[in-house]
Protein chains: 4
Amino acid sequence: MKIDLNCDLGESFGSYKIGMDEEVIKYISSANIACGFHASDPVVMAKTVALAKENGVKVGAHPGFPDLVGFGRRNMNVSPLELKAMVQYQVGALSAFCTANGIKMNHVKPHGAMYNMAAKDIKLATAIAEGIAEVDDSFILLGLSGSELLNGAKSVGLKCANEVFADRAYEEDGSLVTRTKPGAVIADENEVIERVIGMIKTGRVKSVTGKEIEIRPDSICVHGDNPKALNFVCLIRERLISEGINIEAL
Amino acid sequence: MKIDLNCDLGESFGSYKIGMDEEVIKYISSANIACGFHASDPVVMAKTVALAKENGVKVGAHPGFPDLVGFGRRNMNVSPLELKAMVQYQVGALSAFCTANGIKMNHVKPHGAMYNMAAKDIKLATAIAEGIAEVDDSFILLGLSGSELLNGAKSVGLKCANEVFADRAYEEDGSLVTRTKPGAVIADENEVIERVIGMIKTGRVKSVTGKEIEIRPDSICVHGDNPKALNFVCLIRERLISEGINIEAL
Amino acid sequence: MKIDLNCDLGESFGSYKIGMDEEVIKYISSANIACGFHASDPVVMAKTVALAKENGVKVGAHPGFPDLVGFGRRNMNVSPLELKAMVQYQVGALSAFCTANGIKMNHVKPHGAMYNMAAKDIKLATAIAEGIAEVDDSFILLGLSGSELLNGAKSVGLKCANEVFADRAYEEDGSLVTRTKPGAVIADENEVIERVIGMIKTGRVKSVTGKEIEIRPDSICVHGDNPKALNFVCLIRERLISEGINIEAL
Amino acid sequence: MKIDLNCDLGESFGSYKIGMDEEVIKYISSANIACGFHASDPVVMAKTVALAKENGVKVGAHPGFPDLVGFGRRNMNVSPLELKAMVQYQVGALSAFCTANGIKMNHVKPHGAMYNMAAKDIKLATAIAEGIAEVDDSFILLGLSGSELLNGAKSVGLKCANEVFADRAYEEDGSLVTRTKPGAVIADENEVIERVIGMIKTGRVKSVTGKEIEIRPDSICVHGDNPKALNFVCLIRERLISEGINIEAL
């Protein structure tokens, strides 16, 4: 049994610092590195790729919408053609820093509103997947478990991987419970960890309605923005190890 | 005998159009394509790379300063570290569109203020050359004939090529006569064409002082912004052919 | 009887030129000047305000979404708080150029996706209207005839004006027929002019279903992007004058 | 006797936070608020102006170069025309938030590279001063004591004020000792405070060569980026009060 722990890194920009990259990188297996549209800049990208290499962590591109002030979290009405081009641009840019560091980029995980919109819209999902596949069809598209993003990847023959969110409740159909609904976020850390272990070991999880559903996580999204988040990554990592589950990149 | 004709392409941005790309591309051998910092956007880059492929024209990255409103023409006090990263970023981004189109990027020519500053500053020149070499050491750095840009390339073992400006006068040391001096720009089209032919055939040109100097052009910079510029490209192309000089990419 | 002719101006950006501002300004009574978010830059704004003053044309701010590459035409999921602040910022910026030129800004017309989204969403409309009223409650909000934009203005006690689109068909409820429906755009110039004259004289127009509806235009939106558009402005202006209808700013 | 304590505020941007604005504002008399070019965004500007009003602190615009990734600290080769327009734009934008909050903007202090370049270049200084005066000639230009910025203000009849840097050594001519020279920065807090008190009380300070020079500070620049800086503001404020020196805005 194995699982990937992924975290969004390299989100600083110029004089602006976000995240505890040097700390969290010790605990994860995959880093999704921002590509300069919603966060990051060329110098930050260069440093973050070097940091990932030093720590033996696999690198993925984390492309977002061109909305720095909104941190890529605001839906934008982009066309599939625009989306495909902006993904290729960002994937190429990050890829250059990987090559310069003598490593190979491993995966692509869209960010924020791009991730959420493509999770529900097969046209956008396919545009992203096509964009990636044309640049390098060995890249893995990391997307929301059970979402259109993964269907988009499959439709163009691109490898993909199921991401789960440890602290989020699921509907019976495997989609995330919307944040505005009660019970959408699971606050208790122990419960969160039990759910993750359960998903990995059994391939099942209890949905928000109480019904058990199938879910096969390839990667868990963790955060390194603050000391509390960092502590949680530590805890989940220890527990995975003690359960004999390997933490491995995709 | 042979020469490359290069032209800056893909400088449109969103709804903003610049250049007669579809016309001028028929006459040139190399296209320097803007990379989204001083001009261009991902959709324009995708289209321009496809256009170059269709016309059998070699593609080069044309990285610039992050100054869209200034079109990359304003000097910016960037550090070598910042410069290296911004070149790698832009080279990588354009490279993705080349790969997606099944072609290989051939060269890199810095734009505007980046080109001019690096022509005189070996630290900046070396930062650019290192940045390129780390991404792909088969790329050719196209820089001002006799400038530090080429010395930077040589210092890191990167291939380089001499660019000459057909309509500009040269000092005895092979540098361009500053635009503010009288005689800096040669207005007469016939004289311009004679000078170019002379440079290619003899490896020499008359400097602004009247003294003959050595100059060995690999590539001539032409423009496609307006009908007059386009007409000149046509004329120079015809004359080169009639002189038995091959027009070939670097 | 009177009518305002308004046109979007000052949409150039740095080296990028859009529009035939110097030509079209001779025929209009109000200029909506872009404010640097979806188009324009400080130098263009300064020049365009000076041009409007020279021609005795009233100036309005034309704020848009922060989406230069999309020309402000892509819907963005902004919050009312964000929208209010971005309107105040842009209104203030343009206002400074008006003051510097010794004239007073007269109106505000949101641009593109901001205009369209606020036309249907009273929360966004109110955010825009509040933002304007707090800066200067003598400004007039120019919005789509019969839309929520005008309701937003009324709800905060801001003056507003009805904009009509000469070449667009209307539904029975006074809203524009969506561009994707047949008959949405009226191509015949004579018919367009007849409709405009009819609206002004009778306060009525035939909707797309054939039923007559009430519509009381305060301002007609014209374009100056190309020679054909410019010619149409000329024609409509001549006809208005020959019908004894004054062309006056709001 | 009196002095102004000014601090750069509102430098956060979107999700990116910089500065301890809520803390430092309690100790200062003037806030220089960033205007969206080198830092800040419309929402941050709105909040920061409201914060200044609540705390009875005077507001000034803090315009910078359009270089967010470089935080406005990189010299850019802008023309006087471009500079004037970018200052008017930013002053107007901040001014709108002041009006919306029912307060009047009091001063303008250029930021970073714009401040430093204009301190040495009378053409740039005059462009800034003209830009401000045309928008509102009651604004005060706050610039480096003894610099061209103040000469620019005087040349166009704009009020100006002398800023001193508490922890920086001065040359005999009243200019700052360049940071690269030894002794440029004074590390000892007590010495810094003594120098400030001395300047205010005597109008003189010991230059780096040991010679006493005249200096008449109107405003001292303090920082609120970190707890140590905040503590220093506290200390200097207490000492000023105990010396009977009033802390008053310009």
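Overview of results
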item	result
Unique match (being within 14 Å of another protein chain (Cβ to nearest Cβ), more than 27 Å from B:Val44 (Cβ to Cβ), open to solvent by 40 Å² or more (accessible area, probe 1.4 Å) and touching a residue at least 40 places away in the same chain (Cβ under 8 Å)) among A:Gly146, A:Gly102	A:Gly102
Cβ pairs under 7 Å, 6+ apart, first in the stretch A:63-80 and facing another protein chain (nearest Cβ under 8 Å) and without any contact (Cβ under 8 Å) to a residue 12 or more places away in the chain, second of a type in the set (Asp, Glu) and open to solvent by less than 40 Å² (accessible area, probe 1.4 Å)	A:Val69/D:Asp41
Odd one out for C:Glu212 among (1) in contact with a Phe, Trp or Tyr (Cβ under 6 Å, 6 or more places away or on another chain); (2) of a type in the set (D, E, K, R); (3) over 17 Å from C:Lys2 (Cα atoms)	(1)
Residues of the stretch D:125-140 satisfying the condition of being in a helix (DSSP H, G or I), of a type in the set (A, V, I, L, M, F, W, C), open to solvent by 10 Å² or more (accessible area, probe 1.4 Å) and more than 20 Å from C:Val135 (Cα to Cα)	D:Ala133
Unmet criterion (only one of (1) assigned to a helix (DSSP H, G or I); (2) within 14 Å of chain C (Cβ to nearest Cβ)) for D:Tyr115	(2)
Among the residues listed as B:Pro42, B:Pro63, the single one being open to solvent by less than 30 Å² (accessible area, probe 1.4 Å), more than 22 Å from B:Met117 (Cβ to Cβ) and modelled with pLDDT of 95 or more	B:Pro42
From the options D:Glu54, D:Glu22, D:Glu82, residue that is out of contact with any helix residue (DSSP H, G or I) (no Cβ under 8 Å at 6 or more places or on another chain) and among the charged types (D, E, K, R)	D:Glu54
Within the stretch C:45-55, considering residues that are hydrophobic (A, V, I, L, M, F, W, C) and open to solvent by 20 Å² or more (accessible area, probe 1.4 Å), the one farthest from the other protein chains (Cβ to nearest Cβ)	C:Leu51
Qualifying residue in the stretch B:176-192 (condition: touching a strand residue (DSSP E or B) at 6+ places or on another chain (Cβ under 7 Å) and hydroxyl-bearing (Ser, Thr, Tyr))	no
Of all residues making up the stretch B:169-184, the number that are modelled with pLDDT of 90 or more and assigned to a strand (DSSP E or B)	1
Test result for C:Lys206, free of Cβ contacts under 8 Å to residues at least 40 places away in the same chain and either over 28 Å from C:Lys26 (Cα atoms) or among the hydrophobic types (A, V, I, L, M, F, W, C) (or both)	yes
Candidate set: the stretch B:147-168, residues that are within 14 Å of the chain's Cα centre (by Cα) and within 17 Å of B:Val196 (Cβ to Cβ); chosen: the one modelled with the lowest pLDDT	B:Ala166
Set B:Lys84, B:Lys154: member being facing chain A (nearest Cβ under 9 Å) and either open to solvent by 10 Å² or more (accessible area, probe 1.4 Å) or closer than 30 Å to A:Ala127 by Cα (or both)	B:Lys84
Number of positions in the stretch D:12-24 that are free of Cβ contacts under 8 Å to residues at least 40 places away in the same chain and more than 14 Å from chain C (Cβ to nearest Cβ)	3
Of residues in the stretch A:159-175 being free of Cβ contacts under 8 Å to residues at least 60 places away in the same chain and touching a Gly at 6+ places or on another chain (Cβ under 8 Å), the one surrounded by the fewest Cβ atoms within 10 Å (Cβ to Cβ)	A:Asp173
Residues located in the stretch D:176-217, provided they are open to solvent by 60 Å² or more (accessible area, probe 1.4 Å) and among the charged types (D, E, K, R)	D:Arg179, D:Lys181, D:Asp188, D:Glu191, D:Glu194, D:Lys201, D:Arg204, D:Lys206, D:Lys211, D:Glu212, D:Glu214, D:Arg216
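The values are calculated or read from the model by the stated rules, or taken from the named source; none is laboratory data. If you're wondering where the values come from, they're calculated on a predicted model, not measured in any experiment. We place every Cβ from the backbone using ideal geometry, glycine too, and count neighbours over all the protein chains shown. Ligands, DNA and RNA are stripped out before the accessible areas are found, and what is left, the full protein with its side chains, is counted by its heavy atoms. Shrake-Rupley method; radii C 1.70, N 1.55, O 1.52, S 1.80 Å.
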